1. So how much slack lies between Asp89 and Asp115, counting 0.36 nm per residue of separation and subtracting their Cα-Cα distance, in nm?
2. Give me D for the range 166-257 in µm² s⁻¹, whole number, from Stokes-Einstein with Rh from the Kirkwood sum over alpha-carbon pairs, 4 °C and 1.567 mPa s.
3. Divide the volume of the convex hull of the Cα atoms of the range 230-294 by its number of residues and quote the answer in cubic angstrom per residue.
4. Report, to one decimal in Å, the Kirkwood hydrodynamic radius for the chain based on all distinct Cα pairs.
5. For the chain, what number of Lys pairs, 8 or more residues apart or on separate chains, have alpha-carbon atoms under 30 Å from each other?
6. Per residue of the chain, what 222 nm ellipticity follows from adding -39500 (n - 2.57) for every DSSP H run with n ≥ 4, rounded to the nearest 500?
7. How many nm separate the modelled label positions at Ala35 and Glu122, each set 7 Å beyond the Cα in the direction of the Cβ?
8. Going by alpha carbons, how many degrees (0 to 90, nearest 10) lie between the helix axis of 76-87 and the longest principal axis of the chain?
Amino acid sequence: MPLVTPANSGAADAAALKKLAAEKGLLYGTTISAAQIGTDHEFVGLVLQHAGLVVAENEMKWQVMNRGKPGDDDYGPADTVAAFAFENDLALRGHNLLWYHRTPTWFFDLATRQDQERAIVEHIRALAGRYRGMVHSWDVVNEPIEPKDGRPDGLRTAVFLETLGPEYLDLAYRVAQETDPVARLVVNEYDVELDTPDQETRRKTLINLLERMRRSGTPVDAVGIQAHLSCAGGPPFSASRLRRFLADLAGLGLTIQITELDVTDENAPADEVVRDRLVADTYQRFLDAALDEAAVKMVVTWGLSDRHSWIVRRETNESKWRSDSAPSRPLPFDAELKAKPAYEAIVNAFAYAPGRTPG
Ligand code: XIL
């Protein structure tokens, strides 16, 4: 199997996304999985061509690694991704150390503060310790807020919060920093990109949390904006609101990473040309606004080709389906690894982005 298809060779080489990004001080990357590394050499070729950074799509999530008992974790698939990054001289994102949604079942039976604290500390020491010095940034806590849970501070009532209180966050970031002092430590969050009252509340909540963490000396370096976007039928987008939010985050002394960018087309018309245009326009509008902010240092798309996307993956419950069941086209390259208008949109956004110091 050729490593690079004709569609991605030649002229496309000059427009490697990582190169265009780097010219502006940006790091561009994508998810990859151990299975893809092992079996899809054609896709791996595309990743090597375009990505300066990779992140394991699932392999470093605690519940995914854990075999059902405390401390009994399978590092095999995570090691495959880390070794791939190392051997190919790519930056590596760590995703993630704690996530309410991917916490092993046994953790929920730990009744005391002491037991929970110990489990969190041991997990972070083991996982961040294994890849110490190899990780560009760690999502230490993924998705910590949920104003709809009704707490005055807007924090998500995760299992850690119920027993340890908001200090579970400070504990996690402190232990992560002790374990890997070089990695940038990130708070990663979703639904903070669009112009709705709910998302405005989420933005305020996130800022309050980050302000509180900075004030109390908790080592947080960056904020991750997931940016799972929708090209049709979704909430409105306001470039000026996004810019203001990003400027507020930068004002806290944080750098900003776009961590999981993709554009679902589930409510768009069936016509592929129309769909691809709408998806591309969404990338363009979002990135044009986001990259105006010099504190944004990284853009990661949640996948590179429609061949491998959580939106179109059939075997998972999380797959999102179009009512006409036509395969979704959310990423810069199609399932045959041909560049789509979304790729051109990213190229343009990088080309017009102001330069910045890398971070
Ligand atoms: C998703 C993966 O892409 C899927 O393969 C998996 O089934 C579920 O998780 N926010 C996150 C990511 O932080 O970890 C999620 O990844 C997508 C939403």
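1. Result: 5.5 nm gained on full extension.
2. 92
3. Convex hull volume per residue, Cα atoms: 78 Å³.
4. Computed over Cα pairs of the chain, the Kirkwood hydrodynamic radius comes out at 20.7 Å.
5. Here the count comes out as 27.
6. Mean residue ellipticity at 222 nm (helix-derived): -12000 deg cm²/dmol.
7. It works out to 3.0 nm between the two label points.
8. 60
The values are calculated or read from the model by the stated rules, or taken from the named source; none is laboratory data. Note that the structure is a prediction, hence the values are computed from the model and not measured. When we count neighbours, we look across all protein chains shown, and the Cβ atoms used for this are built from the backbone with ideal geometry, even at glycine. These accessible areas exclude ligands, DNA and RNA; they are computed on the full protein's heavy atoms, side chains included. Shrake-Rupley method; radii C 1.70, N 1.55, O 1.52, S 1.80 Å.
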